[in-house]
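*Asks:* Input: one structure, supplied below.
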Amino acid sequence: MKFITLINNQSVPSGNIPELGYDSFLDFNTELISGHPERHCIQYFGYLDNGKIRLVSCIADDTEHSILVSSSRIDEKSSLKSFSGRVLAFEKFEREISENFGILYTDHPWMKPVRYPENRADRNSTIANYPFYSIESEELHEVGVGPVHAGIIEPGHFRFICNGEQILHLEIQLGYQHRGVEQLFAEKKKLIQRTVLAESIAGDSVVEHASAFAFLMESLSGTRVSREVLLSRTIAQELERIAIHTGDLSALCTDIAYQLGSAVLGRLRTPIINFFQEWCGNRLAKGLIRTGYNPFPFTTDLAKRLSAVLEAFEPDFIEINNEISKLPSSLSRFERTGMLNYEQLLKIGTVGMSARMNTLVRDIRLTHPYGVYNEINHEPVIKHHGDVYSRVQIRKPEVLQSIAYIRKLMKEVTGEESSWTGKISLAPDSFGISLTEGWRGEVCHACITDHSGDIKVYKIKDPSFHNWLALALAVRNNEISDFPVSNKSFDLSYCGHDL
């Protein structure tokens with residue numbers, strides 16, 4: 001047997017994951033994806049185990065709603081053929097493995113550091129000597145932006161190679177936000193400490209990361225949660241989607257100097273996040289999602305309050321979006337700017353909204369449903385042009401869809417409080433994996449426990465890990481003045497990537 005088949009939020013003994021020789025491991029995983037757009041890599045990582053590096057690959061089959069997990073053992077600082085030489089979507093996973101363990105991939109197309117972790121294999125590799133791509137030419141010039149930016153923004157460096165105003169190449173250097181989050185999951189021993197870590201991975205995706213962590217801990221401990229908890233989590237996830245999409249649309253209006261759109265959409269976002277404050281005491285929903293129970297039950301009174309918020313929100317949201325979609329000055333900036341075609345999106349492994357902007361269906365709510373999504377009959381919003389305007393357009397129907405889901409789910413909530421002992425015991429020598437669909441795309445948390453049931457390895461993947469390369473490719477042949485609007489239309493996370 002070359003693999004074991006799991007479903008979302010399932011755990012198994014880690015010894016049940018088949019181990020292959022590296023050549024067979026390489027052939028098996030790349031052949032799974034080559035020519036199969038319904039499959040993509042959701043996690044690929046390595047960890048030290050009995051003096052060897054054990055590589056674990058997790059391939060999602062979106063048609064079968066399954067996850068195919070396989071593994072291989074290799075020596076430290078091995079010299080290997082890469083997955084990326086055959087399937088480019090593996091490129092960043094292998095860069096991380098190389099950075100952590102000194103593996104040399106002989107045919108990797110872009111072997112550069114990812115995060116500069118404290119325990120990296122090559123201590124001489126520093127963020128100050130990052131090897132930027134360059135072109136020698138008297139006609140071209142380079143423009144460096146960041147890592148320190150104007151305003152309140154996370155650090156990241158953008159290196160443009162331009163011919164006049166036209167971008168020929170963009171390289172994005174990240175890693176400035178690396179905090180060692182994955183290692184901290186193993187070092188911290190209390191559930192509440194690990195929960196706070198999950199909430200702190202990316203401040204605009206608190207619900208999604210906290211939910212992925214909670215589902216994973218519940219799977220590894222055999223904890224069953226009530227339907228009331230699942231309903232509350234789903235409402236919170238869709239509410240987070242509404243808030244961030246609305247804020248992004250406001251920021252996109254700011255980037256094209258459409259002041260009315262910026263002001264109206266900014267105003268509309270406020271009561272949505274303020275409702276989180278009413279619900280759990282925090283506008284970003286920190287404290288709301290907990291393993292095993294709901295510390296802040298969604299009561300019928302809260303349902304009435306949220307219904308009123310959405311009733312006031314919806315007509316104004318529709319009206320301002322209709323204005324944006326017919327305003328010549330906005331269309332001239334959005335249409336045919338920052339374009340990617342289907343083949344590019346598939347090749348580099350984009351996920352979430354960045355894939356759905358041009359017919360590539362990547363939506364965990366449909367393909368690997370969790371919580372109560374299998375009862376909703378979710379239909380992903382798909383666009384067909386892959387430009388900024390597609391990324392703008394996709395947000396409006398997704399917000400309206402989220403409102404409809406919330407209204408449906410609110411009819412079922414009772415506000416019943418769930419009982420909880422406050423303690424869990426993780427199964428020893430086990431592997432578990434959890435997927436949720438954040439507003440950016442799929443969030444993946446994976447965990448391996450040791451003999452005593454403590455966390456040995458914890459791996460996190462934010463959708464930005466897949467999608468930063470999409471931004472770099474989208475701006476090619478665009479004017480550099482259009483970069484801000486392209487950048488905001490993706491709205492990728494620095495800290496979610498850097499961990």
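The values are calculated or read from the model by the stated rules, or taken from the named source; none is laboratory data. Only a predicted model underlies this, so the values are computations on that prediction, with no experimental measurement involved. Backbone-built Cβ (ideal geometry, glycine too); neighbour counts: all protein chains shown. These area figures cover heavy atoms from the full protein model, side chains too; ligands, DNA and RNA do not enter into them. Shrake-Rupley method; radii C 1.70, N 1.55, O 1.52, S 1.80 Å.
*Asks:* Past 29 Å, Cα to Cα, is the threshold; run K188/K488; K2/K190; K286/K459; K2/K383 against it and keep the listed order.
*Replies:* Exceeds cut-off: K188/K488; K2/K190; K2/K383.
*Asks:* Which net charge results when you count Lys and Arg as +1 and Asp and Glu as -1 among the other residues whose beta-carbon is under 15 Å from that of G261?
*Replies:* Once all neighbours under 15 Å are counted, the net charge is +2.
*Asks:* Near I135, within a Cβ-to-Cβ distance under 12 Å, what is the net charge of the other residues, with Lys and Arg +1 and Asp and Glu -1?
*Replies:* For residues surrounding I135, the net value is -4.
*Asks:* Could you work out the relative contact order of the range 93-140? I mean the mean sequence separation of Cα pairs under 8 Å and 6+ apart, divided by the number of residues, in percent.
*Replies:* Contact order relative to length: 33 percent.
*Asks:* Between R123 and K304, what's the calculated FRET efficiency when r is the beta-carbon distance and R0 is 51 Å? Round to 0.05.
*Replies:* Given R0 = 51 Å and the Cβ-Cβ separation, E is 0.30.
*Asks:* Taking each full run of DSSP H in the chain as one helix, which ones are at least 18 Å long along their axis (Cα atoms) and have mean Kyte-Doolittle hydropathy of at least -1.0?
*Replies:* 206-221, 227-255, 259-280, 300-326, 395-410
*Asks:* Can you tell me the dipole magnitude for the chain around its Cα centre, using point charges on the Cβ only (Lys, Arg +1; Asp, Glu -1), in Debye to the nearest 20?
*Replies:* Here the chain has a charge dipole of around 900 debye.
*Asks:* Leaving ligands, DNA and RNA out of it, report the carbon-plus-sulfur percent of the accessible area of the chain at a 1.4 Å probe.
*Replies:* After summing per-atom areas, the C and S share lands at 50 percent.
*Asks:* Amide H to amide H under 5 Å from A427: which residues, 5+ apart in sequence or cross-chain, H placed 1.01 Å off N in plane?
*Replies:* The list, which skips near neighbours in sequence, is S221.
*Asks:* Sequence gap at least 6, Cα distance under 8 Å: using those rules, report the relative contact order of the chain to the nearest whole percent.
*Replies:* Across the chain, relative contact order equals 19 percent.
*Asks:* Return the FRET efficiency for the residue pair Q277, Y22: r is the Cβ-Cβ distance, R0 is 60 Å, and the value is rounded to the nearest 0.05.
*Replies:* E(calc), rounded to 0.05, equals 0.70.
*Asks:* Solvent-accessible area per residue for the range 374-494 at a 1.4 Å probe radius, Å²?
*Replies:* The answer is 35 Å² per residue.
*Asks:* How would you classify the range 369-499 from its alpha-carbon gyration tensor, with a ≥ b ≥ c the square roots of the eigenvalues: rounded for a/c under 1.5, else prolate if a/b is greater than b/c, otherwise oblate?
*Replies:* oblate
*Asks:* Rounded to the nearest 0.05, what FRET efficiency is calculated for E64 and A404 with R0 set to 35 Å and r the Cβ-Cβ distance?
*Replies:* Computed FRET efficiency for E64 and A404 comes out at 0.80.
*Asks:* Another question about this same structure. Please give, to one decimal in nm, the separation of the simple spin-label points placed at D75 and S34, each 7 Å out from Cα toward the Cβ.
*Replies:* It is 2.7 nm.
*Asks:* Averaging the inverse of every distinct alpha carbon separation and then flipping it gives the Kirkwood radius. What is it for the range 95-161, in angstrom units?
*Replies:* 14.2 Å
*Asks:* Also, quick follow-up: With unit charges on the beta carbons (Lys and Arg positive, Asp and Glu negative) and the dipole taken about the Cα centre of the chain, which residue among A251, P147, N50 sits farthest to the positive side?
*Replies:* N50
*Asks:* Also, I was wondering about something else. Cβ neighbours within 10 Å, averaged per peptide: list 98-107, 228-237, 433-442 in order, most packed at the top.
*Replies:* 433-442, 228-237, 98-107
*Asks:* Which value, in debye to the nearest 20, gives the size of the charge dipole of the range 3-96 about its Cα centre, when Lys and Arg are +1 and Asp and Glu are -1 at the Cβ?
*Replies:* Roughly 260 debye for the range 3-96.
*Asks:* Now, a different point. What trypsin sites (Lys or Arg not before Pro) in the range 91-186 are in a loop by DSSP, with at most 16 other Cβ atoms within 10 Å of the Cβ?
*Replies:* For trypsin sites (Lys or Arg not before Pro) across the range 91-186 that sit outside H, G, I, E and B with at most 16 neighbouring Cβ atoms in 10 Å, the list reads R123, R179.
*Asks:* Give the residue from I324, I33, S70 lying farthest towards the positive end of the charge dipole for the chain; charges sit on Cβ (+1 for Lys and Arg, -1 for Asp and Glu) and the dipole is referred to the Cα centre.
*Replies:* Result: S70.
*Asks:* Please state the relative contact order of the range 129-209 as a whole percent: Cα pairs under 8 Å, 6+ residues apart?
*Replies:* Reported relative contact order: 18 percent.
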